[in-house]
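The structure under discussion appears below in the form of structure tokens.
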Amino acid sequence: LKAVELLPARCAAGIAVRRTGRCQQAMPPILRLGPALASQGSQVETAELIPFSRPRPSAQRTSPVLVLDPAKLRPSTPEAFTYHGGTTAVVAETSDFVEVSDGPPGSGLTTGERRAHDGSWTERFVQQRGVVPPGQGKGKGDTKGKGKGNGPRDYGRRMGQNQSMGQRWKETWEREEDMAAGGVRTTVERHVQEVDDVNAGDEAVVQQEWDEDEEWFESSSSGGAAAAAGASSSSSSSSAVPPTPASDGQVLRSRRWTQTGRDRQSGRTWSRVVTRRSVQRGDDVVSESEEELLETQEDGEERGSSRNRKGRSLETSEWGSQPNGNRWRSSYSLQTLSNAQGEICGRERVQKWYNNGQEEQSEEWETLDVFESSSSPSAPAAAASSAPSARLRLRRRVRSGRKDGRRFGGEETEWHERWEEQEAPHRDELRTKRKKVEKWWKENACNNSWGEHRVDEINESGGSDAVEHRKWYDNGTERQNEVWTERPDGSAEGSKEGSRDGQTWGERWVRSCDGEDGSQTVEKWHDDGLGRKVEQKEGKRWRNSQEVEWHKEELGQLVGGGEKWVVKVGGTATGDEWFEAWREKQAEKSAEKRGKNAEGDEWREVWCEEFDAEGVRVRQLAEKEGSNARGDQWYETWIEEQEKKKRALKKGKNASGAEWQEEWGEEAGEDGSGSKWCSKWGDDGQGNRWGDNWGDEWHGGGGGKRWVESWDNKGKDEKHCHGTAGRPDH
């Protein structure tokens, strides 16, 4: 290190202090007052020069550097004191160190030295106070305008070493009254070396070294110039700026400190920037700070961090990287803000991220507190006034987080997670009201992905009011998505949908519960992508946990094919069943109904219509049949073909064995001819049988005949026939 350049002066022992280029010793000597002090009163005539490079005797390691005759001291001598000798020298001692300083009276120039009592550190300094610059904005008499104001300036230099820490340093500092900014500004430039032996001088091996720059500012509105205290323990401002009221946003105090250094052994380099300030915000003084650190290793590894604070808000972060590809960063923030509704919120957030070249993952947690104003009269105010004082009360708390990751290489896998918890005050304690978790994964190599989520609605007793679930799947060819909600009483509702190779399907269902009773309905749909669409409805109902009723319905169509159909089926636990079906094609319409009940009754009904290519109905058909528990049965059918041919049949029997049957028909020719006929017969189950037959026939040109027949099993057999004018009116 180069020695500081001292101006001409004389020290306390009359020793001339000379200008030096480079130190010949590790550090300059300090004054050691000998026994002559006791015999000659206040005269400081004998002094022993003790070079810093010479170790002190071990017996004096813990004794103070300044040696005075105890007989000359008062019994109540305080721990820190100052001694003025017969010359201009001043000796001051504190509990930690002793200082010897000297300078021409009235010049403002002071030179001196300090040493710790235990000999761990020593320092030499020179300073000049109360210098009035020759021109506006000029400092130290320079011509480059380094000064930022036009007030008096103090400046100085220091150099020293620390035996215990193995450090030596040199610095320059400057303090001035900045009239433009309305305060006092102090700047410090410092160079520090950490060596293997501080007493080795130029032969010492420098292990690491760094430069530091500091700038302090204190506004006159803050009430003084205390910012200068950190620049030099033996110096102070020569004058004070009159206090003025601070304006909103004005910086009252500030400090900016930067450090850049290098470790010569490991090759590590670093830089650090620290800024702190006090700012007037309305009626309050808000503290703000920013800090940033960056370290670089010789192998290329880097680490960094930052810290920003503004009032009660705080943000910190860390980051780093390694030559092998590892990278990471993390951050923390605590903020006070307002949401879109104007509510005051406090937010705490943590973020993390890393990437090692094979896997990448990021995480985030956040706590958001929402407050509301609660007006209540305070005790002091209530005594003098009824005006309420506003206080903040926690309205709700939202905790949330996320996690995202992916794996590189052949797998190409991704995973994600989101979660959230909502809390609200209940009887002076926070209780969880809602929980939400969502997860999903993706395999990019095969385009496969799936996921799930769950949402819990929590009631005041801590149980779940409702739980919402979701599961989904997607491989690029097939997709499925299912969502359902469950409640504590057993009721639920949900939906499911999917697609594959042009087909789509889905369903919706609802389940309601009332104790051991309940019901469920399901709606399904399916589209094969080729024009066939089907919708289904299913349902069931239970009582005392036993199924009592069920039903199912299907509606379908072939788009572009002119075909539609409906099918309905159902039943009960008592034995009731029913079936209904309708079908419509381009050339046919048909319907069928059938069923039975718990008593044993059954029935069936069929109906059909047929059409030609022009849509004209060419045929109709109907059938009905049924039976009951007593044994009764019946059957009925009829057919009609374009008014050309009609036929009907009815028959039945009862439990006693009686039977009956009736049949009739009608036919018409293109030339106007035709016929009608009817046949009836019966059996009473007691051995008696009978029957009646009749018919009409007619020609296209007119005329015809009628015939009648009647018979029984007792010998009756009557037949007759006669001519007619043509087709009868009935």
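Observations, loosely collected:
- Hits among aspartates and glutamates - C-alpha to C-alpha of Lys403 under 14 Å, sequence gap 8 or more where chains match: Glu359, Glu360, Glu363, Glu364, Glu366, Glu414, Glu417, Glu420, Glu438
- Surface composition of segment 238-371: carbon plus sulfur atoms contribute 45% of the solvent-accessible area (1.4 Å probe, protein chains only, all chains present).
- Residues with amide H under 5 Å from that of Gly700, placed H, sequence gap 5 or more: Ser673
- Square roots of five times the Cα gyration tensor eigenvalues for segment 566-691, Å: 31, 27, 3
- Global geometry of segment 284-349, whether rounded, prolate or oblate, following the gyration tensor of its Cα atoms and the 1.5 cut on a/c: oblate
- Nearest-10 value in Å² for the accessible area of Lys716, using the 1.4 Å probe: 80 Å²
- Selection from Asn693, Ala648, Ala658 lying farthest towards where the dipole of segment 609-730 points positive, charges on Cβ: Ala658
- Each 10 Å bin from zero up to the one holding the largest Cα-Cα distance in segment 490-632 carries the following percent of pairs: 11, 27, 29, 23, 9, 1.
- Rounded FRET efficiency, nearest 0.05, which uses the C-beta distance separating Glu189 from Ser120 and R0 of 22 Å: 0.35
- Solvent-accessible area per residue, Å², over segment 426-503 with all protein chains present [probe radius 1.4 Å]: 60 Å²
- Surface share of carbon and sulfur [accessible, 1.4 angstrom probe, percent] for segment 430-539: 41 percent
- Within segment 664-730, GluC sites (Glu not before Pro) in DSSP loop having at most 13 other beta-carbon neighbours inside 10 Å: Glu670
- For segment 464-573, a/c is not less than 1.5, where a ≥ b ≥ c are the root eigenvalues of the C-alpha gyration tensor, and a/b does not top b/c. That puts it in the oblate class.
- Area of Glu493 that stays accessible when all protein chains are in place (1.4 Å probe, Å², to 10): 80 Å²
- In the context of the full set of protein chains, residues of segment 282-361 present 61 Å² of accessible surface per residue (probe radius 1.4 Å, heavy atoms only).
- Of the solvent-accessible surface of segment 640-694, computed with a 1.4 Å probe over protein heavy atoms with every protein chain present, carbon and sulfur atoms account for 42 percent.
- Average accessible surface area per residue within segment 556-681, 1.4 Å rolling probe, Å²: 60 Å²
- Dipole of segment 506-655, positive end: most advanced residue of Trp638, Thr574, Thr521 [Cβ charges, Cα centre]: Trp638
- GluC sites (Glu not before Pro) lying in DSSP loop within segment 257-351, provided at most 16 other Cβ fall within 10 Å: Glu298, Glu301, Glu343
- The share of alpha-carbon pairs in segment 665-730 lying farther apart than 19 Å comes to 42%.
- For segment 147-205: rounded, prolate or oblate by the Cα gyration tensor [a/c cutoff 1.5]: prolate
- Out-of-range pairs (alpha-carbon distance over 32 Å; input Lys352/Lys433; Lys585/Lys705; Lys433/Lys524): Lys585/Lys705; Lys433/Lys524
The values are calculated or read from the model by the stated rules, or taken from the named source; none is laboratory data. What you see is a predicted model; the values in this text were computed from it and never measured. Reconstructed Cβ throughout: ideal geometry from the backbone, glycine too, with neighbour counts over all protein chains shown. Only protein heavy atoms, including side chains, enter the accessible area calculation; ligands, DNA and RNA are left aside. Shrake-Rupley method; radii C 1.70, N 1.55, O 1.52, S 1.80 Å.
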